[in-house]
1. Counting alpha carbon pairs within less than 8 Å and at least 6 residues apart, what relative contact order, in whole percent, applies to the stretch 1-135?
2. Taking the stretch 136-208, which GluC sites (Glu not before Pro) meet the DSSP loop condition and have no more than 14 other C-beta atoms within 10 Å?
3. Would you please state the base-10 log of I(q)/I(0) at q = 0.12, 0.23 1/Å for the stretch 115-205, with intensities from the Debye formula using one equal scatterer on every alpha carbon?
4. Find how many whole Å separate the alpha carbon centroid of the stretch 225-251 from the alpha carbon centroid of the stretch 6-29.
5. Please work out the ratio of the alpha-carbon Rg of the chain to 2.2 N^0.38 Å and round it to two decimals.
6. Give me the distance between the Cα centres of the stretch 92-119 and the stretch 187-208, rounded to whole Å.
7. When the chain is modelled as a GNM with alpha-carbon springs shorter than 10 Å, which of ALA50, ALA300, ALA63 fluctuates the most?
8. Among the lysines, which fall within straight-line cross-link reach of LYS277, defined as a Cα-Cα distance under 22 Å, with same-chain neighbours fewer than 8 residues apart omitted?
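Please treat every number below as a calculation from the coordinates, not as lab data. Remember, predicted model here, so these are calculated numbers, not experimental data. Here the Cβ positions follow ideal geometry from the backbone for every residue, glycine too, while neighbour counts run over all protein chains shown.
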Amino acid sequence: MSASFASALGAARDAAAAQHYPEGALYVVATPIGNLADITLRALHVLQLADTVACEDTRHTQALLRAYGIDKSTAQLLAVHQHNEAEAAQAVVQRLQQGQRVAYVSDAGTPGVSDPGARLVAAVHAAGLRALPLPGASSITTALSAAGAVAHSAEHGGFVFAGFLPVKNAERASVIAQQLAAEPRCVVLLEAPHRIGELAQALAVLGTRPVTLARELTKQFEEITTQPAQALTAWLDGSPQRSRGEFVVLLHPVPVAGNDGESLRVLRLLLAELPLKSAVRLAADITGASRNVLYDTALAWKRDGANGTDADSDAAD
């Protein structure tokens, strides 16, 4: 048993053993995204209790279990990944029908969000069996919690999870221009280290819209920075270290001009008669609202077609 987690396994038994863990059920278990200490006591108990551990990569999961001092034989590990999930799900269903407790883990984080797991859970439900969630680490919520990027306004509240964008440059650029640029809410993206430079270049079209890059979350070289979209490439080029590790990328919400709506009303009226640059300048002078915020709002309206004007695209002074 790993000395550093010996007491944790004991604590897991003390805290969770008295709860009910039905047989013939799938346990969807979140695992750490980097720091091994980010495991819940209930997850440790269920991983010990499980008759089978289904997982993305059996070698990775075996190493994870051994780090916690949990011993599972090779026969107790079942590979369920994106390339075999539909077929492997039936093997899991068969084990559940035999009365086994099956825990499912992805390589890191919460299964079924970006990682495999959704098809497996759907197959379990279709067979009339139970899938029980054990919440825990997620790179998405981890990045959101430290970025301050989620608005709580009625207009731009919440966030949208877009995951990985297309690999091909033209397809990626099309998604950014036609979908993400027009999305006023926070947008959450994921990206691999070997493609983060290409993504940064593609996001430059968003101009001054703030973007948070979060890499190596919970690990020794964790780094979280917020930059204007047009400055991402320069920031990445500032150090070779900055392009290493898995990334969560957050596009901040499109700023709103004011809470009372007056500056928005004035801006709309002026945009109907004037080029964008002039309308923004006058609206800021009249209402006292931030010129930069008004400009970003006007650009968002233009992308959405919400204003119906042929606005000038020059930057506000």
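1. Values: 232 pairs, mean separation 50.8, N = 135.
It rounds to 38 percent for the stretch 1-135.
2. Numbers: sites: GLU155, GLU171, GLU191, GLU198; in loops: GLU155.
When the GluC sites (Glu not before Pro) of the stretch 136-208 are filtered for loop state and at most 14 Cβ neighbours within 10 Å, GLU155 remain.
3. -0.54, -1.18
4. If we compute the Cα centre of each part, the gap is 40 Å.
5. On the way: Rg = 24.1 Å, N = 317, 2.2 N^0.38 = 19.6 Å.
My calculation over the Cα atoms of the chain gives 1.23.
6. 31 Å
7. ALA63
8. LYS302
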